[in-house]
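Trainee: So that we are looking at the same thing, I have put the structure below in structure tokens.
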Amino acid sequence: MPVWTVRLNDKIVKQFSIDNGDRKIIGRGGEASVVVDNTAISREHTALILKNDTYYIEDLGSLNGTMVNGRKIDALVQLFEGDTIEIGKFHLLPTGTEKKAPLEAQSTALDYGDETVFVRPKKPLARPASKAEEKPVHRLLVVQGTASPREISLDRRNSIKIGKDPSSDLLVTGFLVARAQCYIIKREQHFYIVPQRSWVGTRLNSFKVKREHLLRKGDLIEIKKVQILFE
């Protein structure tokens with residue numbers, strides 16, 4: 001039975017399974033099938049559906065939206081292997097097969113003001129990573145202009161939101177910069193830039209990008225005076 005995981009960055013918030021013919025509602029409210037206790041999630045945010053062995057996802061009029069491959073959905077959408085799914089600031093992804101009973105929550109998210117605290121079960125300590133293991137395979141590095149943080153590792157990340165929305169993974173402010181200026185998504189071990197509608201163009205190596213584009217090490221992403229190196 002497939003197991004689905006709700007994540008915030010590298011932290012597991014919820015894990016659950018779904019049977020063929022089921023419709024699981026993900027939301028903050030107690031009536032949701034999968035409860036994610038965080039103010040970024042609407043009471044009934046998203047529905048995950050498994051019908052005839054095919055997965056579908058539907059946004060339920062949520063405040064912060066549901067994104068598939070960096071694009072906000074407003075209708076029922078079929079899911080395919082490798083799709084990147086965002087629910088507010090959380091990620092939803094399949095994590096393999098589980099033959100046991102459906103999993104309960106692996107951790108609990110509680111809001112304290114703007115801070116999210118995670119209570120997680122104890123687990124054996126992992127062996128210390130070597131220096132070679134600590135070096136990120138890919139990262140985004142701000143080389144010019146004002147943006148925060150200055151560096152983001154893309155290890156174990158399937159999606160990065162760049163823009164002036166406070167929930168952005170890489171915050172870039174400025175007049176006419178969109179709340180979601182662009183996304184960096186991972187698909188089949190490659191990273192792509194997905195520009196969003198904005199008065200300010202997103203440029204890649206000085207050329208304005210209007211559609212999804214493969215990223216290569218050394219590429220330079222430009223948003224107004226901010227330059228971000230993909231390496």
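Trainee: Against the definition (more than 14 Å from the chain's Cα centre (by Cα) and among the β-branched types (Val, Ile, Thr)), how does VAL172 come out, yes or no?
Mentor: On the way: more than 14 Å from the chain's Cα centre (by Cα): yes; among the β-branched types (Val, Ile, Thr): yes.
Yes.
Residue-by-condition table, conditions (1) of a type in the set (Lys, Arg); (2) in contact (Cβ under 8 Å) with a residue 40 or more places away in the chain; (3) open to solvent by 80 Å² or more (accessible area, probe 1.4 Å); (4) outside any loop (DSSP other than H, G, I, E, B):
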position: TYR183; (1), (2), (3), (4): no, yes, no, yes
position: TRP199; (1), (2), (3), (4): no, no, yes, no
position: LYS210; (1), (2), (3), (4): yes, no, yes, no
position: GLU222; (1), (2), (3), (4): no, no, no, yes
position: ILE228; (1), (2), (3), (4): no, yes, no, yes
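Trainee: Sort out which residues of the stretch 61-117 are modelled with pLDDT of 85 or more, among the polar types (S, T, N, Q) and over 19 Å from ARG23 (Cβ atoms), and write them in order of number.
Mentor: ASN64, ASN69, THR84
Trainee: Could you say whether any residue in the stretch 158-178 is β-branched (Val, Ile, Thr), touching a residue at least 40 places away in the same chain (Cβ under 8 Å) and outside any loop (DSSP other than H, G, I, E, B)? Full working, then the answer.
Mentor: Taking the stretch 158-178 first, the residues β-branched (Val, Ile, Thr) are 160, 162, 172-173, 177.
Still in the running and touching a residue at least 40 places away in the same chain (Cβ under 8 Å): 162, 172, 177.
Keeping just the survivors that are outside any loop (DSSP other than H, G, I, E, B) gives 162.
Looking for residues that are β-branched (Val, Ile, Thr), touching a residue at least 40 places away in the same chain (Cβ under 8 Å) and outside any loop (DSSP other than H, G, I, E, B), one finds at least one in the stretch 158-178, hence yes.
Trainee: Sticking with this one: Look at LEU176 and say whether it is modelled with pLDDT of 50 or more and open to solvent by less than 40 Å² (accessible area, probe 1.4 Å).
Mentor: Answer is no for this residue.
Trainee: I've got another one for you. Please go through the stretch 38-77 and pick out each residue that is without any contact (Cβ under 8 Å) to a residue 60 or more places away in the chain and at positive phi.
Mentor: Listed by number, the residues that qualify are ASN52, ASP53, GLY61, GLY65.
Trainee: Which one is surrounded by the most Cβ atoms within 10 Å (Cβ to Cβ) among residues in the stretch 78-92 that are outside any loop (DSSP other than H, G, I, E, B) and in contact with a Phe, Trp or Tyr (Cβ under 7 Å, 6 or more places away or on another chain)?
Mentor: Once the filter is applied, the top-ranked residue is LEU92.
Trainee: Which of (1) within 27 Å of GLY82 (Cα to Cα); (2) in contact with a Leu (Cβ under 9 Å, 6 or more places away or on another chain) does ARG150 not meet, given it meets every other one?
Mentor: Among (1) within 27 Å of GLY82 (Cα to Cα); (2) in contact with a Leu (Cβ under 9 Å, 6 or more places away or on another chain), the lone unmet condition for ARG150 is (1).
Trainee: Looking only at the stretch 50-77, filter to residues that are assigned to a strand (DSSP E or B) and open to solvent by less than 30 Å² (accessible area, probe 1.4 Å); which one of those is farthest from LEU92 (Cα to Cα)?
Mentor: It comes out as LEU50.
Trainee: List every residue pair whose Cβ atoms lie under 7 Å apart, where the two residues are 6 or more positions apart in sequence or sit on different chains, the first residue falls within the stretch 131-153 and is at positive phi, and the second residue, located anywhere, is modelled with pLDDT of 90 or more.
Mentor: If the second residue must be modelled with pLDDT of 90 or more, the pairs left are GLY145/LYS225; GLY145/VAL226; GLY145/GLN227.
Trainee: Does the stretch 1-39 hold any residues that are open to solvent by 60 Å² or more (accessible area, probe 1.4 Å) and more than 19 Å from ARG157 (Cβ to Cβ), and which are they?
Mentor: Quick first cut of the stretch 1-39, residues open to solvent by 60 Å² or more (accessible area, probe 1.4 Å) only: 1, 7, 9-11, 19-21, 23, 28, 30-31, 33, 37, 39.
Once the filter is applied, which keeps residues that are open to solvent by 60 Å² or more (accessible area, probe 1.4 Å) and more than 19 Å from ARG157 (Cβ to Cβ), the stretch 1-39 yields MET1, ASP19, ASN20, GLY21, ARG23, ARG28, GLY30, GLU31, SER33, ASP37, THR39.
The values are calculated or read from the model by the stated rules, or taken from the named source; none is laboratory data. Nothing here was measured: the structure is a model prediction, and the numbers come from that model. As a convention, Cβ positions derive from the backbone with ideal geometry for all residues, glycine included, and neighbour counts pool all protein chains shown. Only protein heavy atoms, including side chains, enter the accessible area calculation; ligands, DNA and RNA are left aside. Shrake-Rupley method; radii C 1.70, N 1.55, O 1.52, S 1.80 Å.
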